[in-house]
Each structure stands twice: as C-alpha cells, then as structure tokens.
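Below: one structure, written as structure tokens.
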Amino acid sequence: MTDLKIRRYEEDDDEVVKEIFTMGMSEHVPASFMHMLKQPLMQMLCVCLFCTLMATSKSFLLPVLAVTLLLAGGRQMVSYLFNCYIDESMKRDLDKIRETYLTTPNSCFWVGEIDGRVVATVACLPAEKQPECLELKRMSVRRSHRGQGIAKALCHTVAEFTRSRGYQGVVLYTSVVQTDAQYLYERVGYQKMRQFVIPEFLARILNFSLIEYRLNVQPSS
C-alpha cells in the first residue's frame with residue numbers, strides 16, 4: 001500500500017474535507033439514476049407515456065421525445081436530491097467538525113494523507129440507537145487513490161478507536177447503490193444487519209434503501 005498517514009483533522013483541512021465529501025457523494029448520482037430506471041413504477045410510467053402518445057399522436061418522434069424528457073427530468077431529480085443531502089450534511093456536521101467530532105467524548109475525525117496531500121476522510125461518534133456502538137461516518141477516498149487499501153486502513157482505524165474506548169462494535173449505513181462500499185465492508189468483517197427504505201416519499205417510490213452493517217470488536221482489557 002502507498003505510504004499513508006492517518007491523523008486527526010485540523011482546521012486547515014476544512015476545505016479539502018468538504019471537497020472530498022462532495023465529490024464522493026456526486027459520484028453516486030449515475031448509479032442512483034440507474035437504480036431508479038430499474039424500478040417497475042418508473043418502467044411502467046415510461047411505457048404508458050410512450051404507448052399513450054404513440055396512439056394519440058400517430059407519431060413516433062413525439063413519444064420518444066417525451067420519454068427522453070421524462071428521463072432527463074428523473075436524472076435532474078436524482079442530482080437535486082443528492083445536492084440536498086450534501087447541503088444537509090454540511091449544516092449537520094461538516095461545517096462544524098471540531099464541535100461535532102473533536103470536542104465530544106468518544107468521537108473523532110481523521111484524514112488520510114499521502115505525500116502531504118489529504119486524499120481520504122473518516123469519522124465516528126456514538127451511535128444514536130445503539131449505545132454500545134460507535135457509528136462510522138463520512139468515509140470517502142479520492143477516486144485517484146482508490147484500490148490502494150486506504151479505505152481498509154480507515155476502517156481499521158475506526159475499529160481500533162472503538163475498541164480502545166470500550167465499545168462493543170461499529171455500525172454504519174450505506175445505500176443500496178454503493179456496491180463497492182458494501183463489498184469493502186464485508187471484506188473487512190462487517191456483517192449486514194438489515195436493509196430498509198428511507199421514509200421520505202420519493203425514496204419510497206424509488207425503493208431507495210439503506211443497509212445497516214455492524215462490526216463486533218473485543219474491547220481492550
């Protein structure tokens with residue numbers, strides 16, 4: 001693995017951390033759009049629209065154009081939802097990393113550095129619904145540095161921190177479209193606990209679900 005230094009977040013890292021997070025989340029837009037296209041409701045809508053316009057307009061071009069515009073609108077909707085999530089995440093914790101992760105007990109925010117350049121991030125804090133666990137959050141690796149074992153090293157950092165604090169495990173949540181992340185978590189020992197649909201209306205319609213993973217750790221004696 002490339003020489004990697006994992007260290008605690010510092011104030012000077014603020015902009016690059018936000019950049020890595022934003023770019024990482026934006027990369028999920030195409031996969032989420034494809035997930036939307038695979039849903040029976042979306043497929044039925046496209047077919048009904050095409051057949052209705054084909055029957056009423058006696059034209060092939062108009063139905064094709066209408067379906068194309070529908071798909072373009074769907075792509076924009078997915079992009080908008082991700083942008084909303086990015087903005088919400090900034091307000092929730094990434095605009096106040098020190099306050100959220102570094103001044104509260106049993107929380108931390110790390111960055112991964114190679115040759116003095118920040119290329120990855122990860123954080124953890126006590127899980128809201130599982131008091132015996134910490135929750136892994138905000139893990140992201142620059143696309144240019146993936147496949148070098150960096151994400152695996154970040155997972156180990158969180159696991160060791162969790163163990164040292166006397167917690168029983170680490171939990172995390174990832175989306176159904178993040179297949180590479182799911183493979184990574186399972187490879188480093190996380191177990192899939194449950195899969196559930198996000199309660200928001202559009203998420204339910206598009207069957208956009210989250211997966212909960214858990215890694216049990218042996219607390220330090």
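General observations
- Inter-probe distance in nm under a simple model that places probes 7 Å from Cα toward Cβ, at D95 and H156: 3.7
- Choice from I114, I86, I211 with maximal GNM fluctuation in the chain (Cα, 10 Å cutoff): I114
- Percentage, to the nearest whole number, of Cα pairs in segment 89-170 over 23 Å apart: 22
- In the context of the full set of protein chains, residues of segment 54-207 present 54 Å² of accessible surface per residue (probe radius 1.4 Å, heavy atoms only).
- Annotation for V47 and E113: the two label points, set 7 Å from Cα along the Cα-Cβ direction, are 5.7 nm apart.
- Distance in nm between pseudo-label sites at M193 and M77 (7 Å out along the Cβ direction from Cα): 3.1
- Between T68, V122, T103, the Cα set farthest toward the positive side of the dipole of segment 1-148 (charges on each charged residue's Cβ, about the Cα centre) is that of T68.
- Listed residues Q182, Q43, Q168, most fluctuating in the chain (Gaussian network, C-alpha, under 10 Å): Q43
- A Gaussian network model of the chain, with springs between Cα atoms under 10 Å, assigns the largest mean-square fluctuation among Y80, Y173, Y101 to Y80.
- Cα centroid of segment 132-174 to Cα centroid of segment 1-58, whole Å: 23
- Rg over Rh for the chain works out to 1.07, both radii taken from alpha-carbon positions and Rh defined as the Kirkwood radius.
- For segment 36-131, convex hull of alpha carbons as volume per residue, Å³: 171
- Expressed as a whole percent, the accessible surface of segment 22-142 that belongs to carbon and sulfur atoms is 65, based on a 1.4 Å probe.
- Computed over the chain, the per-residue total of -39500 (n - 2.57) for DSSP H runs of n ≥ 4 gives a 222 nm mean residue ellipticity of -14500 deg cm²/dmol, rounded to 500.
The values are calculated or read from the model by the stated rules, or taken from the named source; none is laboratory data. This one's a predicted model, so the numbers in the text were calculated from it and none came from an experiment. As a convention, Cβ positions derive from the backbone with ideal geometry for all residues, glycine included, and neighbour counts pool all protein chains shown. Quick note on the areas: whole protein, heavy atoms, side chains included, nothing else; ligands and nucleic acids left out. Shrake-Rupley method; radii C 1.70, N 1.55, O 1.52, S 1.80 Å.
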